Amino acid sequence: MPTHRAAPPLPPAHRILGRALRLAMRRRCPYCGEGHIWDRWLTLRDRCPACGIVPARGEHDFFIGGAMVNFVVAELVVVVAFITAMVLMLPDPNWDVLLWGTAALAVIAPVAAYPFTMTFWLAMDMTFRPPGREG
């Protein structure tokens, strides 16, 4: 009769989130923390050069989660920038500057945040589904 080992318990949530954020800010491999998993700004490598894991996780729709995190972060940046600029311009905000400035930021923010948000998503996913336990 085969015996199954129980998975080790997950660390507390604040440690998981902290590690994921640290790796994301450095654009490092979420599994080993050593390898650079980005070839270019928007191009993820097929494998980590240090540990060999596949960042795409072998799922055709894996990147939907990363896109969702990217969308939320980019929209928060735009909203915070708009509100901050508006408050700084009070009592007479320049609506043209606010309109065009936030429109430009809405285009730039998702591209600028993509490698960081995707690495964060990978780190969170690999925390709860380590490689070898997919499916």
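The values are calculated or read from the model by the stated rules, or taken from the named source; none is laboratory data. Remember, it's a predicted structure, so these values are computed and weren't measured experimentally. Reconstructed Cβ throughout: ideal geometry from the backbone, glycine too, with neighbour counts over all protein chains shown. All accessible areas refer to the heavy atoms of the entire protein, side chains included, with ligands and DNA or RNA removed. Shrake-Rupley method; radii C 1.70, N 1.55, O 1.52, S 1.80 Å.
What the table shows:
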{"item": "Matching option when the condition is among the charged types (D, E, K, R), exposed (fewer than 15 other Cβ atoms within 10 Å of the Cβ) and in contact with a Pro (Cβ under 9 Å, 6 or more places away or on another chain), among 46, 39", "result": "46"}
{"item": "Residue 131 in a loop (DSSP other than H, G, I, E, B) and either free of Cβ contacts under 8 Å to residues at least 24 places away in the same chain or aromatic (Phe, Trp, Tyr) (or both)", "result": "no"}
{"item": "Residue within segment 52-65 that is modelled with pLDDT under 90, part of a helix (DSSP H, G or I) and either open to solvent by less than 30 Å² (accessible area, probe 1.4 Å) or touching a helix residue (DSSP H, G or I) at 6+ places or on another chain (Cβ under 8 Å) (or both) present", "result": "yes"}
{"item": "Pair list, Cβ under 9 Å, 6 or more apart: segment 34-46 residue of a type in the set (D, E, K, R), other residue surrounded by fewer than 11 Cβ atoms within 10 Å (Cβ to Cβ)", "result": "45/39"}
{"item": "Candidates 104, 81, 74, 112 - the one that is surrounded by 18 or more Cβ atoms within 10 Å (Cβ to Cβ), of a type outside the set (Phe, Trp, Tyr) and not in a loop (DSSP other than H, G, I, E, B)", "result": "74"}
{"item": "Candidate set: segment 1-31, residues that are closer than 17 Å to residue 115 by Cα and either open to solvent by 100 Å² or more (accessible area, probe 1.4 Å) or in contact with a strand residue (DSSP E or B) (Cβ under 8 Å, 6 or more places away or on another chain) (or both); chosen: the one modelled with the lowest pLDDT", "result": "31"}
